[in-house]
Amino acid sequence: MSEKLLKKTKSLCPKCLKELGAQVVEKNGRVYLKKKCDEHGSFMSPHILNYPPMYHLMEKLHRNRGKYYPEGMAVFVTRRCNQYCNFCFERAVDEKIKEPSLKEIEKKISGFKGKTVYLWGGEPTVRKDLPDVIQLIKSKGFRPALFSNGKKLADPAYVRQLKKAGLEYVILQFDSLQDKFYEKIRNEKLMDYKLKAVENLQEEGVYTGLFAMLVKGLNDREIGGLLDFCNKHDNIKTLFFSMVWEAGRLKKHKQIYYEEIFKKLGDKGIDFEVTKLSSVFAHNLFECLQKLGLQKGHKEPMCSTNTYLVRSAKGFVPLNHLVNLKRINKDLAEANKLLDEDKKIRALLPFTRGILRLFFSRKLFKLWLRSVKKNFANILRGRTANFMFLDVFSIVLGTLHTRYNIDLDCTRTCNLHSDIPGSDELKSTCIRQAMVEVEYENKLRKA
């Protein structure tokens with residue numbers, strides 16, 4: 001099959017990081033990114049959105065978007081780690097880097113316009129002053145969040161300490177339900193730590209997202225099992241599926257593609273149409289909230305999709321099976337158009353209509369009522385109420401760009417900017433990772 005040009009974009013040379021012209025092409029049922037550096041040659045890699053229906057959906061949603069600033073900021077707090085993972089993209093432990101002090105962290109976040117500050121590394125929990133860092137972020141009016149492998153979160157007293165300091169959200173590395181896969185991916189048995197961490201976070205009422213890095217031929221067969229696990233723990237609000245990328249310690253591996261993931265989700269009754277309707281809904285809703293001043297920063301990037309499900313006694317049910325998402329999306333799209341035309345008052349009518357259709361669905365009302373009762377009980381016990389769309393759960397499909405397939409049109413919509421070690425500059429997390437990777441290789445060559 002011949003190549004079909006989908007779009008011209010810009011990228012970076014994977015060797016020198018020079019900005020290059022690039023092409024997004026479709027070939028043999030997949031999407032690729034092509035580029036050429038005069039010094040280092042030509043490169044062609046699967047696009048970050050390598051499944052054509054997924055690419056076309058997200059490109060259309062994000063086409064011609066205006067000024068954009070992210071909802072989240074990732075602050076690098078350490079390169080130390082208490083694991084040594086084969087697939088670590090940060091090369092934790094391999095290189096020592098000065099850790100920022102509390103004053104330096106305060107300076108980094110001082111001008112941030114978004115809502116959530118994520119702490120990452122390495123493994124942030126190896127810092128003894130992590131509760132102080134969290135308390136600082138909370139005192140500045142931000143939502144403190146944490147990326148963690150969960151080892152130290154297996155200690156209930158430690159989780160309690162972090163919660164008391166102000167921790168609101170944890171993205172927990174959770175690749176598998178079996179130790180044999182952790183031994184392959186993370187070099188050690190970890191299942192006991194993971195289960196204890198989830199239990200402790202549930203007990204303290206800390207919102208939790210599970211981050212599963214899928215490796216072809218290993219844990220990609222556990223997609224359904226991970227979903228079933230999430231349904232049993234109502235503090236888990238999101239399950240992130242990310243394909244292992246060409247970066248870090250172990251670069252060469254079998255590529256896993258999005259259509260393979262959608263096929264496995266299809267076995268659980270979740271087809272691409274569910275994801276399509278959910279992604280359009282998320283995009284329109286958060287765009288409206290941001291333009292109405294109800295959301296700090298942009299939340300929905302081009303590089304990932306959302307699939308919304310609702311918890312029920314029989315398992316997860318796609319949100320569009322319970323409400324008319326097509327009509328809701330039409331209402332929210334109309335509101336977005338009016339907001340773009342600076343007609344805020346007129347936009348409130350379709351926006352309100354869409355929200356009412358969501359919350360007053362006859363099929364959904366009993367589930368909403370059950371969730372309200374449950375969360376009211378949590379409040380009486382002094383715990384955090386789980387109001388992330390009441391009992392709505394999200395599957396996020398997405399991954400980091402690598403320096404080989406980075407699409408700068410896509411990174412422009414990044415919802416998570418990162419600080420650059422040794423600098424006050426903020427960049428898209430994917431651009432930061434490309435910079436770190438090239439810098440590390442340059443140091444090795446000079447050594």
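Values quoted throughout were computed directly from the atomic coordinates according to the rules given, and no laboratory measurement underlies them. This is a predicted model, so every value here is computed, not measured. FYI the Cβ positions are ideal-geometry reconstructions off the backbone, even for glycines, and counts take in every protein chain you see.
Normalised by the number of residues in region 1-153, the mean separation of alpha-carbon contacts (under 8 Å, six or more apart) gives a relative contact order of 16 percent.
Multiplying the sequence separation of LEU292 and ASP267 by 0.36 nm and subtracting their Cα-Cα distance, what value in nm do you get? In short, 5.1 nm is gained.
Shape class of region 1-149 from the alpha-carbon gyration tensor: prolate, with a/c at 1.5 or above and a/b greater than b/c. For LEU20, the residues whose modelled amide H falls within less than 5 Å of its own, excluding neighbours fewer than 5 places apart on the same chain, are SER11, LEU12, CYS13. Peptide packing for 172-180, 348-356 was compared via the average number of neighbouring C-beta atoms within 10 Å per residue; ordered from the highest value, the list is 172-180, 348-356. Across region 152-166, computed HN-Hα scalar couplings (Karplus, 6.51 cos²θ - 1.76 cosθ + 1.60, θ = phi - 60°) run 6, 6, 6, 9, x, 5, 5, 4, 4, 5, 5, 5, 5, 6, x Hz from first to last residue, x flagging Gly and Pro. The phi torsions of region 349-354, fed into the Karplus equation with coefficients 6.51, -1.76 and 1.60 and a -60° offset, translate into couplings of 5, x, 5, 5, 4, x Hz, rounded to whole numbers, with Gly and Pro shown as x. Of HIS321, HIS401, HIS417, the sequence from fewest to most neighbouring Cβ atoms within 10 angstrom is HIS321, HIS417, HIS401. Separation of region 183-250 and region 311-366, taken as the distance between their Cα centroids, equals 30 angstrom.
Taking the Cα centre of region 63-124 as the origin, how large is its charge dipole in debye, to the nearest 20, when only Lys and Arg (+1) and Asp and Glu (-1) carry charge on their Cβ atoms? Each step should come with its number before you reach the end.
On the way: 13 positive and 8 negative charges, 87 e Å.
The dipole of region 63-124 has a size of about 420 debye.
Projecting each Cα onto the charge dipole of the chain (Lys/Arg +1, Asp/Glu -1 at the beta carbon, about the Cα centre), which of PRO318, LEU408, CYS85 comes out farthest on the positive side? Most positive-ward Cα: PRO318.
Taking amide hydrogens as placed 1.01 Å from N in the peptide plane, the amide H of TYR169 sits under 5 Å from those of LEU146, each at least 5 positions away in sequence or on another chain.
Remark: relative contact order (the chain) = 18 percent; criterion is Cα-Cα distance under 8 angstrom and separation of 6 or more residues.
3J(HN,Hα) along region 174-180, derived from phi through the Karplus expression 6.51 cos²θ - 1.76 cosθ + 1.60 where θ = phi - 60°, amounts to 8, 7, 7, 10, 9, 5, 4 Hz, with x in place of Gly and Pro.
Among LYS254/LYS296; LYS103/LYS194; LYS151/LYS366; LYS67/LYS107; LYS196/LYS254; LYS180/LYS299, which pairs are too far apart, with a Cα-Cα distance over 29 Å? LYS254/LYS296; LYS103/LYS194; LYS151/LYS366; LYS196/LYS254; LYS180/LYS299, as the Cα separations exceed 29 Å there. The charge dipole of the chain, taken about its Cα centre with unit charges on the Cβ of Lys, Arg, Asp and Glu (plus for the first two, minus for the last two), comes to roughly 780 debye.
Over all pairs of distinct alpha carbons, what does the Kirkwood formula give as the hydrodynamic radius of the chain, in Å? If you can, show how the numbers build up before the last one.
Numbers: mean 1/r = 0.0439 Å⁻¹.
One decimal place: 22.8 Å for the Kirkwood radius.
Measuring r between the beta carbons of GLN255 and GLU104 and using R0 = 30 Å, the FRET efficiency lands at 0.20. Spin-label pair LYS363-SER242: with each label point 7 Å from Cα along the Cα-Cβ axis, the two points sit 3.3 nm from one another.
Determine the relative contact order of region 79-217: mean sequence separation of Cα pairs under 8 Å and six or more apart, normalised by residue count, in whole percent.
Numbers: 212 pairs, mean separation 32.9, N = 139.
Dividing the mean separation by the residue count of region 79-217 yields 24 percent.
Cα centroid separation, region 92-158 to region 40-70: 30 Å. Between PHE240 and LEU210, PHE211, ALA212, VAL396, the built amide H atoms are under 5 Å apart, and every one of these is 5 or more places off in sequence or on another chain.
Calculated mean residue ellipticity, 222 nm, the chain: -12000 deg cm²/dmol, from DSSP H runs (n ≥ 4) at -39500 (n - 2.57) each, averaged per residue and rounded to 500.
According to the square roots a ≥ b ≥ c of the eigenvalues of the Cα gyration tensor, what is the shape class of region 168-235, taking rounded for a/c under 1.5, prolate for a/b larger than b/c otherwise, and oblate for the remainder? Please list the in-between numbers first.
Values: a/c = 2.16, a/b = 1.63, b/c = 1.32.
In terms of gyration-tensor shape, prolate.
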